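Comments concern the structure below.
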Amino acid sequence: MIKLSYEIIRDLCIDFAKNQKEKDMYYIAISRGGITAAHIISQYLKVDLLYYIPDVTDINSFPKDKPLCFIDDTISPEGRTYRKLFNLLMDREWYIYVLLQDGQSLLDNKNIYYGIKSNIWINFPWRPNDTDITIESKGRFRDGTDNYGV
């Protein structure tokens, strides 16, 4: 297991933001994991932030005049949140930035930007210590990104 520090996360977010300066798009924090990274990126770019809560937020409520860039902490091999967005946004230009993309993910990468790609369990500072959680008991990162509040 690797524990990422806030300093590393800040550096990953700023590296991403530096490459976005010329891109005119809406930045959207995905609830829970994406909030911290999205805040860092929006502060660096000096842009307002929108928020997305899966199964709550109406995707059609986002403005349609610019591409959308969703921000989250991970995409696991299953990519449940990513697949949900993919199905809802088929007629829109959109991207997703994640701090970590699982190296075993089979998802199409044309609209995925990531800070780190790894097969090793990553513990983010906003999550409780995962010392008693095994990959076998909870899945690679957690029991899927659609189980909010679990």
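Only the coordinates and a few stated rules stand behind these numbers; no lab work does. Being a predicted model, the structure only gives us computed values, none of them experimental. No Cβ is skipped: glycine too gets one built from the backbone with ideal geometry, and neighbour counts run over all protein chains shown.
Report the extension gain between ASN119 and ARG80 in nm, rounded to one decimal, defined as 0.36 nm multiplied by the number of residues separating them, less their alpha carbon distance.
Length gained, ASN119 through ARG80: 12.3 nm.
The label point for ASN19 and the one for ARG92, both projected 7 Å from the Cα toward the Cβ, are 2.2 nm apart.
Projecting label points 7 angstrom from Cα along Cα→Cβ for ASP65 and MET1 puts them 4.7 nm apart.
Here the Karplus curve 6.51 cos²θ - 1.76 cosθ + 1.60, taken at θ = phi - 60°, turns the phi angles of region 34-44 into couplings of x, 4, 5, 4, 5, 4, 4, 5, 5, 5, 5 Hz, with x standing for Gly and Pro. Residues whose amide H lies under 5 Å from that of GLY115, counting only those 5 or more places away or on a different chain, are VAL98, LEU99, LEU100, GLN101; hydrogens are built 1.01 Å from N in the peptide plane. How big, in percent, is the set of alpha carbon pairs in region 8-83 lying more than 18 Å apart? Of all Cα-Cα pairs in region 8-83, 39 percent lie more than 18 Å apart. Counting Lys and Arg as +1 and Asp and Glu as -1 over every other residue whose Cβ lies under 12 Å from the Cβ of TYR114, the net charge comes to -3. Taking other residues whose beta carbon is less than 14 angstrom from the beta carbon of LYS21, and scoring Lys, Arg as +1 and Asp, Glu as -1, yields 0.
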